[in-house]
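A quick write-up on the structure given underneath.
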C-alpha cells in the first residue's frame, strides 16, 4: 500500500484524495497531538521507526509569516523573530522530505513531495526556487469567469506575486480566484 505523510494538515483536506484512492494517510500536525511536532522527525532512524516507509509527503507549511496578505506586519514579525522561527519550521519540513527521498538507484516505487503556501515570500526566503502559481478555480470546477477576467487573471499570475496592485487584488478576491503557489519538488516515478 502506498503511504502518504501529510504535514501541517490538521483537517486532512489536502490528503483526502489520497485516502480516497486507497493510500495509507498519516496526518502529522501538532494540533492533533503535541508529539506530532515536525521537529520530532529529526532523523532518518526516527522517521523509519515511526513510519517504516513513505511514498509521498505533503507540506502545508504555516503561512502566517509568509503570505502577502499579511505583508503589512512583515517588518514587525521579522524584528520579533517570528519569521526566523517560521523559517526553521519550513526548513525542518524540507528536511523531512529529504529524509524520505530515495537514494537507492534501484528504487522503483513512487516518491514525491509537494510544498504549498499562498502567494508571499516563502519561496524567496527559504530559497526554494521558482514557484508554480495556479488559480484554484482551474481545479474547483464551479467557477465560470468570463474570457476577459481569465485573461486578466493570467496577466496577474505572470507577475509571480510581485507588484500586485490593489485593483488586481480586488479582482482576485472578487472572482474567488485566490492565486496560490505550489512548489512541487522531488521526483515522481512510475
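Distance from the Cα centroid of segment 26-89 to that of segment 148-171 is 29 Å (rounded to whole angstrom).
When the Cα atoms of segment 59-128 are aligned to their principal axes, the ranges along those axes come out at 49, 20, 16 Å in descending order.
Sorted from largest to smallest, which semi-axis lengths in Å does the alpha carbon gyration tensor of segment 3-129 give for its equivalent ellipsoid, taking the root of 5 times each eigenvalue?
For segment 3-129, the semi-axes come out at 27, 16, 14 Å.
Note on residue 33 and residue 69: the model spin-label points, each 7 Å out from Cα along the C-beta direction, lie 3.0 nm apart.
Highest mean first, the peptides 3-10, 62-69 sorted by other C-beta atoms within 10 Å per residue fall in the order 3-10, 62-69.
Readers should treat all values here as calculations from the given coordinates under stated rules, not as data from a laboratory. Treat the numbers as computed from the prediction; the structure is a model and nothing was measured. So basically every Cβ, Gly included, is an ideal-geometry build from the backbone, and we count neighbours across all protein chains shown.
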